[in-house]
1. Using +1 at the Cβ of each Lys and Arg and -1 at the Cβ of each Asp and Glu in the stretch 60-285, identify which of Thr267, Thr65, Gly221 lies farthest towards the dipole's positive end.
2. Evaluate the distance, in nm, between pseudo-label points positioned 7 Å from the Cα of Ile60 and of Phe169 along their respective Cα→Cβ axes.
3. How charged is the neighbourhood of Gly104? Take every other residue with its Cβ under 13 Å from the Cβ of Gly104, and add Lys/Arg as +1 and Asp/Glu as -1.
4. What's the magnitude of the charge dipole for the stretch 153-256 around its Cα centre, counting Lys and Arg as +1 and Asp and Glu as -1 at the beta-carbon? Answer in Debye, nearest 20.
5. Under the 0.36 nm per residue contour assumption, what length would be gained going from the current alpha-carbon distance of Leu200 and Leu103 to full extension?
6. In square nanometres and to one decimal, what's the mean projected area of the convex hull around the Cα atoms of the stretch 60-285?
7. Please get the size of the charge dipole for the stretch 60-285, origin at its Cα centre, with Cβ charges of +1 on Lys and Arg and -1 on Asp and Glu, quoted in debye to the nearest 20.
Amino acid sequence: MRTSSNPIFKNLPQQQGGGYAGFGSAAAGAGPSAQYGQQPYGYQQQYQPQAPSTSRPMTIDDVVTKTAISLGVVTVAAVISYALTAGNHGLAGLFALGGLVALGMSFFSMFKPDLQTKPAFVLTFAAAEGLFLGAVSFLLANVRFGGSGGVGGSGMIAQAVLGTFGVFFGMLIVYKTGAIRVTPRFTRIMFGAMIGILVLMLGNVIAALFTPGGFGLRDGGPIAIIFSLVVIGIAAFSFLLDFDAADQLIRAQAPEKAAWQVAFGLTVTLVWLYLEILRLLSYLQND
């Protein structure tokens, strides 16, 4: 059974050979057993195959639409947060709480995965992420914190946005062409890398309590730059796992509302990548 490093996608239906050439294409040897509800994805209790239903299978168009809506909410909330923070810097701390709300919602949804298919939950999460994103973007782009970064202004934010979507579409091409296959081994490697990154981040926070700068992973120096590049690389490759997760859901004929779950996962990865690119750019602005 293959799982994604993105915690949003868990216990996906097992497929022969892994989906990597295109979303929703028929897998070799796929038969009735690939139908949604006959594989352990977590919806079998709610969506057991039944007599005729008004629900239809999820398509790639559903994924694109739901993801676009989610990102639209993130963007609007981020713009509002950025503008208000620019007018009153004291609001930055208040909007930053949106990050804690979003983090709490992410962890809570891991225990209640059905929440990830509910539009209200996903869009509330997106709004919280947006408020956090706007405040953090203003601080990283316009405020200098000692020697940990520089002031790049709105131009730096534009570069981070372009870089984020450049990486996203680049990895989509890699996935669609099958240049890199999403195999169980690849998934295990990615999962291990993400755990390692998390451990290093937590270790750096703890070390910073006793030594200024901790391990130097976030102080803007050479080690911080290298660390950010590594994190950006891991975030980029995690898109392959997210695309594969969406592919498997489409092949398994998951119900239409499962597209909100895919949108949720992709939003998490996009925000993570954007923040890391913005952080890296702030380091490079340091004189």
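What follows is calculated from the coordinates using simple rules that are stated; it is not laboratory data. Note that the coordinates shown come from a computational prediction; the quantities given were computed from them, not determined experimentally. Note: ideal-geometry Cβ built from the backbone for every residue, glycine included; neighbour counts use all protein chains shown.
1. Of the options given, the answer is Gly221.
2. The two pseudo-label positions are separated by 1.6 nm.
3. 0
4. On the way: 6 positive and 5 negative charges, 52 e Å.
Roughly 260 debye, rounded to the nearest 20.
5. Length gained, Leu200 through Leu103: 33.1 nm.
6. Numbers: hull surface 50.5 nm².
For the Cα atoms of the stretch 60-285, the hull's average projected area reads 12.6 nm².
7. 240
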